[in-house]
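These notes are about the structure you will find just below.
The values are calculated or read from the model by the stated rules, or taken from the named source; none is laboratory data. Owing to the predicted nature of the structure, the values given are computational and were not obtained by experimental measurement. Cβ: placed from backbone, ideal geometry, glycine included. Neighbour counts: every protein chain shown. Each accessible area value is taken on the protein alone, full model and side chains, heavy atoms only, with ligands, DNA and RNA left out. Shrake-Rupley method; radii C 1.70, N 1.55, O 1.52, S 1.80 Å.
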Amino acid sequence: MTRIMILAAPALMLILPGCIARTAANVVTLPVRAGGQVVDWSTTSQEESDRNYGRKMRKQEAREARERKKEEERRRRECREAGYGNCG
């Protein structure tokens with residue numbers, strides 16, 4: 001067991017400084033990345049705004065189309081009830 005530890009120690013010494021440096025860099029840059037994420041969450045990009053507007057307009061157009069269809073059906077029904085043959 002001690003022989004394995006003696007052989008593994010130099011390898012660990014070469015690997016660990018890189019891990020420690022990487023961890024330190026992550027700790028230092030964490031507040032900057034977190035701040036950037038907060039800004040991203042709190043603002044709406046132009047692409048998101050356009051997408052949301054397009055979705056809103058499609059829903060409005062679909063609602064208006066349903067209302068037009070209902071109104072047309074109501075008009076035809078009233079026309080037939082009034083006794084006209086050509087109710088289109």
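Could you do me a favour and compute the accessible area per residue for region 41-88, 1.4 Å probe, result in Å²?
Working: 4600 Å² over 48 residues.
Ligands and nucleic acids excluded, the figure is 96 Å² per residue.
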When all protein chains stay in place, what accessible area (Å², nearest 10, 1.4 Å probe) is found for ASP50?
90
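Would you tally the net charge around LYS56, using a Cβ to Cβ cut-off of less than 13 Å, leaving LYS56 out, and scoring K and R as +1, D and E as -1?
On the way: positive: ARG51, ARG55, ARG58, LYS59, ARG63; negative: GLU48, ASP50, GLU61, GLU64.
Here the charged neighbours net out to +1.
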